[in-house]
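This report refers to the structure that appears directly beneath it.
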Ligand code: MV4
């Protein structure tokens, strides 16, 4: 096992990794920008190194600074968390060239899954269901138009370098296809420096359901069930839960096996997530694979009793992940608490937190780097806490979440807590009948409730 790990990240996820390291007797090094010097991840790491000024490109994304911090503290591995450098193949490669274990997959695996057309091709070869569409990249507008007509409208054009909702265009009307195709390519070229696109049938109002997997260097790949992530706005997840209200044991096994096939196809190492869209008839289709620990990993931890960061460290150090069949128990829900004003179009609300009362009691977990007196810098993601509850049933988990949201008092900045309180009483949420369009089309926040 590692002796000392540097965490190349900030905020709650940096603290999350530090916590597992402490429990495993591994020393930790935090890195931080000058805007984060008072964050809890800096306070609770064994050592901390300032790596630059507030902008991410000058600190958390600056590879030479992070490698220097690892060198001077004599760290033997780097945990990238999520975001920043977590899915940067170049960073994974540079780490291994400097004798630092990158806690995550090889540069080749990151590259394969980062190129969405290549990822899809890999899935087809390994019996993972995909959405019908073009046979890979489509280079000429004439070909694209023919393929779109064959698939049948509506279609979606996707940049191979995109992902997470970036670089996509939906086309409902054949007359608008040419224009959309050209625009999508131009946008992809300027956003990613790669204009390549592919085409798929557009699945109307799908759910977003993802499978957590773990792999090790001995060829083992297991799945840890699904997370229901359909409640999102502008491709930002708002609330996640496990299990999904629509997935039964039979569907879980089929989706789980597809995700295992995806992992085995690339000899996957560490924690990964295979994202599917699921249509109204519960057909599922591979969308993308995320080669990192995800924000919403705690809901899986709470129902599987597995510490996913611990498994990442075991896999990265050459150990074996647990392979005996997992028991899933109960239901977990995570609400993302963002410093945003839901009454004003989720406008970010930076500033000093004047009071911060964290909920507690049975089966309530709060992952946060914030505290009373903490100043939320304006430079980064607005998520300041994750509130995770678990209970034997979905109904009991919802009651517990309501109770925990009532106890969560944050003053000094606006937060998404009132939005979540309203969602906990929403008929669509309560019945489990929602999809990826639900929050944007069927739910309106009312600040006066
Ligand atoms: C789709 C789709 C429907 N049909 N692909 C969005 C994120 C990325 N992982 C893939 N995404 C989607 N791909 C096909 N063939 C629907 C989504 C999708 C979405 C699309 C437009 C607006 C909001 C969305 C929210 C979730 C998923």
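The values are calculated or read from the model by the stated rules, or taken from the named source; none is laboratory data. Given the structure is predicted, the values throughout are model-derived calculations rather than measurements. As a convention, Cβ positions derive from the backbone with ideal geometry for all residues, glycine included, and neighbour counts pool all protein chains shown.
So which residues in region 1-39 are under 23 Å from residue 307 (Cβ atoms), over 22 Å from the mean Cα position of the chain (by Cα), part of a helix (DSSP H, G or I) and in contact (Cβ under 8 Å) with a residue 40 or more places away in the chain, if there are any at all? 23 - this is the single residue of region 1-39 that is under 23 Å from residue 307 (Cβ atoms), over 22 Å from the mean Cα position of the chain (by Cα), part of a helix (DSSP H, G or I) and in contact (Cβ under 8 Å) with a residue 40 or more places away in the chain.
Counting residues in region 336-344 that are surrounded by fewer than 17 Cβ atoms within 10 Å (Cβ to Cβ), touching a strand residue (DSSP E or B) at 6+ places or on another chain (Cβ under 8 Å) and modelled with pLDDT of 95 or more gives zero.
Among the residues of region 280-294, those that are more than 13 Å from the chain's Cα centre (by Cα), in contact (Cβ under 8 Å) with a residue 12 or more places away in the chain and not in a strand (DSSP E or B) comprise 280, 282, 283.
The criterion of being touching a residue at least 60 places away in the same chain (Cβ under 8 Å), in the same structural domain as residue 329 (by TED's automatic domain parsing) and crowded, with 23+ Cβ neighbours inside 10 Å holds for residue 211. Output the number of residues of region 295-320 satisfying the condition of being crowded, with 23+ Cβ neighbours inside 10 Å and outside any helix (DSSP H, G or I). Residues meeting the conditions: 1.
Looking at residue 376, is it more than 21 Å from the chain's Cα centre (by Cα), exposed (fewer than 15 other Cβ atoms within 10 Å of the Cβ) and at negative phi? Considered against the rule, which asks whether it is more than 21 Å from the chain's Cα centre (by Cα), exposed (fewer than 15 other Cβ atoms within 10 Å of the Cβ) and at negative phi, residue 376 comes out as no.
Residue selection: residue 323 satisfies the criterion of being modelled with pLDDT under 95 and surrounded by fewer than 18 Cβ atoms within 10 Å (Cβ to Cβ). Residues of region 265-279 include at least one that is in the same structural domain as residue 212 (by TED's automatic domain parsing), part of a loop (DSSP other than H, G, I, E, B), surrounded by fewer than 16 Cβ atoms within 10 Å (Cβ to Cβ) and within 16 Å of the ligand (Cβ to nearest atom). Restricting the search to region 121-176, which residues are within 13 Å of the ligand (Cβ to nearest atom), assigned to a loop (DSSP other than H, G, I, E, B) and touching a residue at least 60 places away in the same chain (Cβ under 8 Å)? Correct list: 129, 131, 132, 134, 164, 165. For region 179-248, please list each of the strands (runs of 3 or more DSSP E) lying entirely inside it that holds at least 1 residues being more than 16 Å from the ligand (Cβ to nearest atom). Of the strands (runs of 3 or more DSSP E) lying wholly inside region 179-248, those with at least 1 residues that are more than 16 Å from the ligand (Cβ to nearest atom) span 207-215, 221-233, 236-242. Taking the numbered list (1) under 25 Å from the mean Cα position of the chain (by Cα); (2) modelled with pLDDT of 95 or more; (3) closer than 18 Å to residue 436 by Cβ in turn, residue 164 passes all entries but (2).
Here is a yes/no grid of residues against (1) over 21 Å from residue 273 (Cβ atoms); (2) in the same structural domain as residue 154 (by TED's automatic domain parsing); (3) more than 16 Å from the ligand (Cβ to nearest atom):
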{"site": "29", "(1), (2), (3)": "yes, no, yes"}
{"site": "39", "(1), (2), (3)": "yes, no, yes"}
{"site": "45", "(1), (2), (3)": "yes, no, yes"}
{"site": "60", "(1), (2), (3)": "yes, no, yes"}
{"site": "80", "(1), (2), (3)": "no, no, yes"}
{"site": "88", "(1), (2), (3)": "no, no, yes"}
{"site": "94", "(1), (2), (3)": "yes, no, yes"}
{"site": "97", "(1), (2), (3)": "yes, no, yes"}
{"site": "114", "(1), (2), (3)": "no, no, no"}
